[in-house]
1. Take the range 166-202 and flag every residue that is surrounded by fewer than 18 Cβ atoms within 10 Å (Cβ to Cβ) and not in a helix (DSSP H, G or I).
2. Residues being of a type in the set (D, E, K, R) and either farther than 19 Å from G167 by Cβ or exposed (fewer than 13 other Cβ atoms within 10 Å of the Cβ) (or both): count how many of those fall in the range 255-281.
3. Those residues that are touching a Leu at 6+ places or on another chain (Cβ under 7 Å) and either within 17 Å of G191 (Cα to Cα) or surrounded by fewer than 24 Cβ atoms within 10 Å (Cβ to Cβ) (or both), I need them from the range 68-89; list them, please.
4. Would you mind stating whether A252 is without any contact (Cβ under 8 Å) to a residue 60 or more places away in the chain and either assigned to a helix (DSSP H, G or I) or surrounded by fewer than 14 Cβ atoms within 10 Å (Cβ to Cβ) (or both)?
5. Could you please find all residues in the range 46-61 being surrounded by 12 or more Cβ atoms within 10 Å (Cβ to Cβ) and of a type outside the set (A, V, I, L, M)?
6. Could you check R290 against (1) among the basic types (K, R); (2) crowded, with 17+ Cβ neighbours inside 10 Å; (3) farther than 23 Å from A178 by Cα and say which number it fails?
7. Just to be sure I understand, how many residues within the range 255-267 are free of Cβ contacts under 8 Å to residues at least 40 places away in the same chain and closer than 15 Å to T113 by Cα?
8. Check off (1) more than 19 Å from the chain's Cα centre (by Cα); (2) not in a loop (DSSP other than H, G, I, E, B) for W146 and give me the number that stays unchecked.
Amino acid sequence: MNRTVLITGATGSVSSALITALEGAPLTLRALVRDASRASGLARRGVEVVVGDLGDPESLPPAFKGVTDLWLLTPMDPRAPEHSVNAVWAARQAGVERVVRMSAIGADHNVPTRNGRLHASDRELQASGLAWTILRPHAFMQNLLWQADRIAAEGVFSLNMGDGRLGTVDVRDVAEVAATVLLADPQRHHGKVYTPSGPEILTFAEAAEQLGQALGREVSYVAASEEEARAGMVASGISPWSAGMLVEYGRALGSGFGAYTTSDVEDVLGRPPRRFADFVRDHVAAFTARG
């Protein structure tokens, strides 16, 4: 039987990496997008592009028709629970067999981040009667790319995470875990909650040192206050809601919320997760000054 995987969040970093990980597999890949004009690259890669909006349940049935597997990634947004419920409803109506959901680190009603609290809606998927697997990955190494231009120009980056210690994970490992789950029999990973992490716990000062070694010049991490971080994000065009969410993450992660690693990547993939040094080596060009 040919399986059709519907991918939400298809133009984002995780779903893009998932599409790469699934290329060449005996699957039909279908991407749900709100704006088809932003998805021409997906079509060129052989991905079916369908227009729909998780915020508009009436738009979803055509996109879900014939789908066997759903990759459910909702944006970090106040409407995330609504989007998730709409997707699960559409999946049940369409006879989808399995949902693999991208959740949030520590998702629960009582976690110190609003994104984690919003993703407590995982429970609705768990009670849906569908086969399900949930991924709650650690903070992404790729988040550092948001400050790549500053690192390239000034040799410095700044976050409101103090001396927090994190077991950050490479987005590519998260995508490969998701791909492995989607390629397996639906019952193989049913009912599992995976928390992909990297293999080591680092402070950002240690990360800066490793980055500097790869670039052959000094790179420094400067701990920012919450006020500085918030103002900088809003000035760069990030919405006040999103800036507040990211400040919360910084506060939580700087206080030990992310000071752990798991074996989940190796358990699923049969190999160790990428180290921070691997991420840096593969992205040296992004942190290097142009011209």
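The values are calculated or read from the model by the stated rules, or taken from the named source; none is laboratory data. All figures in this text were calculated on a predicted structure; none of them were measured in a lab. All Cβ positions, even for glycine, are placed from backbone atoms using ideal geometry, and neighbour counts span all protein chains on display.
1. A184, D185, Q187, R188, H190, G191, K192, V193, E200, I201
2. Going through the range 255-281, the residues of a type in the set (D, E, K, R) turn out to be 264, 266-267, 271, 274-275, 278, 281.
Subset that is either farther than 19 Å from G167 by Cβ or exposed (fewer than 13 other Cβ atoms within 10 Å of the Cβ) (or both): 267, 271, 281.
Number satisfying all stated conditions: 3.
3. Selection gives D69, L70, W71, A80, P81, H83, N86, V88.
4. Working: without any contact (Cβ under 8 Å) to a residue 60 or more places away in the chain: no; either assigned to a helix (DSSP H, G or I) or surrounded by fewer than 14 Cβ atoms within 10 Å (Cβ to Cβ) (or both): yes.
Criteria not met by A252.
5. First pass over the range 46-61, keeping only residues surrounded by 12 or more Cβ atoms within 10 Å (Cβ to Cβ): 47-55, 57, 59-61.
Matches in the range 46-61: E48, G52, D53, G55, P57, S59, P61.
6. Among (1) among the basic types (K, R); (2) crowded, with 17+ Cβ neighbours inside 10 Å; (3) farther than 23 Å from A178 by Cα, R290 violates only (2).
7. Adding up the residues that qualify gives 0.
8. (1)
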